[in-house]
Amino acid sequence: MNLRHQVSSVKSSPAFRWTVGVGVGVMAALGLVLMFLLTQATGNREMYERNYVLLFALNVAVAGLLLLVIGWIVLRLVLRLRKGKFGSRLLVKLAAIFALVGLMPGMMIYVVSYQFVSRSIESWFDVKVEGALDAGLNLGRVTLDTLASELANKTRVAAGQLAQTPDATAGLALERLREQLAVSDVVLWTASGQMIASAGDSRYSIKPERPPGQLLRNARAQRVATQIEGLDEVALPGGEVPGVEPAPAAAPGSAAVAAAAPNTAPRIKALALVSSAGVGLFGENRFLQVTELLPASFVANAIAVQEANREYQERALARGGLRKMYIGTLTLSLFLAVFGAVLLAVVLGNQLARPLLVLAEGVKQVAQGDLTPKAALQGKDELGGLTRSFADMTQQLADARGAVQKSMDQVDAARANLQTILDNLTAGVMVLDLKGRIQTSNPGATRILRAPLAAHHGRPLSEVPGMAAFAQGVQAQFDTYFGENTLHGIEHWQQSFELNAAQPGTPDNAITLIARGAKMPGNECLLVFDDVSEMVSAQRAQAWGEVARRLAHEIKNPLTPIQLSAERLEMKLTGKVAEPEQILLTKSVKTIVDQVDAMKRLVNEFRDYARLPAAELKPVDLNALVNDVIQLYASDNAVVPVQAELEPGCPEIKADSQQIRQVIHNLLQNAQDAQEGLPAGRTAMVTLKTEYSPSSRRVRLTVRDNGIGFPEHILKRAFEPYVTTKVKGTGLGLAVVKKIADEHGARIDISNRTVDEVVQGAQVSLSFAVVT
């Protein structure tokens with residue numbers, strides 16, 4: 001796979017995306033906050049002052065976040081410097097340069113802005129402006145007082161006109177007074193606050209507002225009292241007063257002040273005492289209340305002057321706080337700009353140094369032998385192209401090493417396969433150098449030579465115990481081979497060797513080898529040999545069979561005439577010779593007849609061995625066959641007791657029952673003969689055992705004895721004809737057993753039984769295949 005599809009670009013790495021995202025987010029938030037502050041400062045001061053704490057906290061939070069990011073980046077730079085990573089110093093220099101570029105202009109702008117803000121705020125407050133505002137307020141107060149005084153005089157005169165007016169006709173009189181005085185409302189009250197009559201807006205009120213108690217007392221004491229109402233309600237934003245219910249909505253199409261409800265519009269109330277002349281029912285005092293609305297233009301101008309003076313006084317009192325607010329915002333903006341510049345400096349510096357860092361890290365990994373795909377930048381500049389070229393180079397190196405590794409794996413696999421083959425070869429294989437030192441060997445060589453070859457690797461073959469003559473013969477063959485190979489181009493040599501050849505008075509434990517040698521690349525010699533002792537033994541057995549067949553043919557024919565001639569001679573001479581000669585004749589004839597019988601038995605054995613008939617394999621119950629044979633070896637017939645250990649349920653085997661019967665007879669006879677002259681304390685016993693192996697689906701027949709066992713030199717050749725340890729034996733019993741086993745395809749084994757390395761007897765086992 002191509003490197004560009006395996007590695008992620010630096011621009012798509014999580015760390016880079018996170019850093020750029022934070023930087024962009026912070027800068028965007030900074031720009032929005034500053035624009036919002038400036039817009040509010042110039043357009044809506046009240047909203048700015050109301051939200052200043054929230055905006056300031058937001059700016060502080062953004063500054064803190066930027067400070068944390070910068071601290072994290074600085075910490076990483078310090079750690080990289082301490083570790084001595086490539087590019088760290090360059091990255092620090094670039095970050096410092098960008099930071100200075102952002103800091104110096106920012107500091108200059110900050111100083112100029114600080115001076116401008118400080119002096120501009122001081123210029124906002126002037127003595128002439130303050131005096132003009134005070135004069136306007138005094139003018140408004142004097143005007144209100146004049147209007148209130150005029151209305152009080154009018155009301156006192158009108159109260160005198162109502163002195164003789166009864167309560168019943170007071171309504172008409174109030175209508176005339178209202179038109180005469182040109183006021184909005186006229187009400188006649190009792191001293192207890194009960195309305196007698198009204199004219200104007202109060203007529204439509206279900207529950208008209210009664211005069212305050214204080215105003216009644218002032219009117220009773222001074223004959224007339226005035227009160228200005230509604231200016232405070234109109235002066236507040238929205239006309240709302242804390243603790244007072246909001247006024248009803250104004251009628252459409254009217255001015256803001258004039259259209260307000262009567263009890264909320266700016267107005268002057270005058271309350272005058274109406275003299276009582278006993279006209280009333282009880283002669284109670286009455287009060288005339290006259291309400292006149294203030295002109296809308298006058299109210300608007302008065303309120304504007306009042307608000308301007310209040311705002312001026314508030315700003316004058318908060319002059320220091322206002323200066324701190326603007327300077328604080330300016331300072332915070334500077335910090336944000338500086339932090340943003342430092343962050344961008346680090347990010348941009350990192351982007352410039354990143355290609356070099358990627359190359360340095362990749363070169364370090366390649367130097368350590370790591371050819372895994374390397375990171376590559378996707379930019380179009382030269383540094384990005386350099387990283388891509390380096391990544392392509394490492395990919396090619398990785399592919400080449402992968403091909404080499406694949407070839408090495410194949411070589412290792414082939415070597416492992418070859419080693420497996422060598423380990424499982426029955427032939428022996430050795431590699432020797434030109435001086436005859438063993439370089440390597442397989443288990444087959446150790447098994448055939450019966451010598452610890454693995455312990456002698458690197459040493460001459462001649463130093464292996466018992467291999468001196470073999471090593472000398474092999475070296476002579478190689479010397480001859482090298483000379484002839486140079487002249488005639490011979491590919492290999494082959495020679496037979498006899499190891500452990502029997503010497504006079506020593507046991508026969510010889511090994512016959514067929515060895516082949518050849519030259520290998522690298523000045524090494526290959527020696528391959530195989531043990532052909534069994535083949536020689538088989539050839540010898542075949543030769544003995546041919547000899548036995550010919551001897552049986554040549555010897556058996558004259559035996560009968562000899563026996564008949566001796567018996568006839570005895571019959572003719574009996575009674576015709578003296579007693580001594582008769583005794584000698586009888587003895588001689590008996591000797592001739594006995595020897596002829598012995599010769600006949602020997603010839604019959606030769607015949608049976610040479611002319612063993614072909615086995616007729618049929619299903620046979622081995623346990624039943626053993627039980628039939630073992631009856632002939634009951635305690636009253638056998639010299640050595642025979643014990644049977646038969647596994648029940650053994651399946652039938654493919655065998656010739658007559659030949660297997662002969663095998664059992666031969667093995668039992670040999671086992672009994674092997675226990676003559678046992679050492680003291682050992683009991684003569686023959687054990688015949690059968691057992692079934694489900695895994696291999698074979699039935700094993702084993703005959704064991706407690707005799708002295710076989711000598712080591714006999715074990716290897718026990719199945720050859722005429723190899724025997726018995727004085728009177730012919731050596732054909734086990735040979736016949738081996739031949740019958742081969743006819744049945746059975747495996748036959750012979751061994752000594754040892755206990756604590758002491759021979760306790762011998763055993764012969766045959767393994768037969770079961771009927772499928």
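Restricting attention to the range 585-629 and to residues that are modelled with pLDDT under 80 and surrounded by fewer than 13 Cβ atoms within 10 Å (Cβ to Cβ), the residue that is nearest to Ala735 (Cα to Cα) turns out to be Arg611.
Hey, could you check the range 630-655 for residues that are within 24 Å of Gly707 (Cβ to Cβ) and acidic (Asp, Glu) and say which is modelled with the highest pLDDT? That would be Glu645. Scanning the range 417-434 for residues that are exposed (fewer than 13 other Cβ atoms within 10 Å of the Cβ) and farther than 20 Å from Gly522 by Cβ yields Asn417, Thr420, Ile421, Asp423, Asn424, Thr426. Considering every residue within the range 498-510, establish whether at least one is small (Gly, Ala, Ser), outside the structural domain of Glu720 (by TED's automatic domain parsing), modelled with pLDDT under 85 and in contact with a strand residue (DSSP E or B) (Cβ under 7 Å, 6 or more places away or on another chain). Yes - at least one qualifying residue is present in the range 498-510.
So that you can scan it fast, the table gives a plain yes or no per residue for (1) more than 60 Å from the chain's Cα centre (by Cα); (2) surrounded by fewer than 18 Cβ atoms within 10 Å (Cβ to Cβ):
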{"position": "Gln675", "(1), (2)": "yes, no"}
{"position": "Ile708", "(1), (2)": "yes, no"}
{"position": "Pro711", "(1), (2)": "yes, yes"}
{"position": "Ala718", "(1), (2)": "yes, no"}
{"position": "Ala735", "(1), (2)": "yes, no"}
{"position": "Glu757", "(1), (2)": "no, yes"}
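Taken over the range 362-386, the residue count meeting the criterion of being surrounded by 15 or more Cβ atoms within 10 Å (Cβ to Cβ), under 30 Å from the mean Cα position of the chain (by Cα) and without any contact (Cβ under 8 Å) to a residue 60 or more places away in the chain is 3. Taking first residues from the range 444-470 that are under 19 Å from Ile421 (Cβ atoms) and partners that are charged (D, E, K, R), the Cβ contacts under 7 Å between residues at least 6 apart in sequence or on separate chains come to Ile448/Asp531. Within the range 274-291, the set of residues being farther than 17 Å from Ser202 by Cα and either modelled with pLDDT of 85 or more or not assigned by TED's automatic domain parsing to the domain that holds Ser205 (or both) comprises Val274, Arg286.
Only one of the listed residues (Leu271, Leu294) is at pLDDT 50 or above, farther than 22 Å from Leu139 by Cα and among the hydrophobic types (A, V, I, L, M, F, W, C). That residue is Leu271.
Restricted to the range 171-208, and to residues there that are over 21 Å from Arg156 (Cβ atoms) and basic (Lys, Arg), the residue that is surrounded by the most Cβ atoms within 10 Å (Cβ to Cβ) is Arg203. Got at least one residue in the range 402-415 being surrounded by fewer than 17 Cβ atoms within 10 Å (Cβ to Cβ), β-branched (Val, Ile, Thr) and not assigned by TED's automatic domain parsing to the domain that holds Asp479? Checking the range 402-415: at least one residue is surrounded by fewer than 17 Cβ atoms within 10 Å (Cβ to Cβ), β-branched (Val, Ile, Thr) and not assigned by TED's automatic domain parsing to the domain that holds Asp479. Among the residues making up the range 669-704, those that are in contact (Cβ under 8 Å) with a residue 60 or more places away in the chain and assigned to a strand (DSSP E or B) are Leu688, Thr690, Tyr692, Arg698, Val699, Arg700, Leu701, Thr702, Val703.
Restricting the first member to the range 563-580 and to residues that are assigned to a loop (DSSP other than H, G, I, E, B), and the second to residues that are not β-branched (Val, Ile, Thr), the beta-carbon pairs closer than 7 Å and six or more apart or on different chains are Thr574/Gln582; Val577/Leu585.
The rows are residues; the columns are (1) out of contact with any Asp or Glu (no Cβ under 7 Å at 6 or more places or on another chain); (2) of a type in the set (Ser, Thr, Tyr); (3) at pLDDT 75 or above.
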site	(1), (2), (3)
Tyr326	yes, yes, no
Phe335	yes, no, no
Phe339	yes, no, no
Gly349	yes, no, no
Pro355	yes, no, yes
Leu359	yes, no, yes
Val363	yes, no, yes
Leu377	yes, no, no
Arg388	yes, no, yes
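Given the condition modelled with pLDDT of 50 or more and in a helix (DSSP H, G or I), answer yes or no: does some residue in the range 203-210 qualify?
Within the range 203-210, one or more residues are modelled with pLDDT of 50 or more and in a helix (DSSP H, G or I).
Of Ala265, Ala308, all but one fail to be part of a loop (DSSP other than H, G, I, E, B) and modelled with pLDDT of 75 or more; the exception is Ala265.
The values are calculated or read from the model by the stated rules, or taken from the named source; none is laboratory data. None of the values given here were measured: they were computed from a predicted structure. Counting neighbours? That spans all protein chains shown, and the Cβs are built from the backbone with ideal geometry, glycine included.
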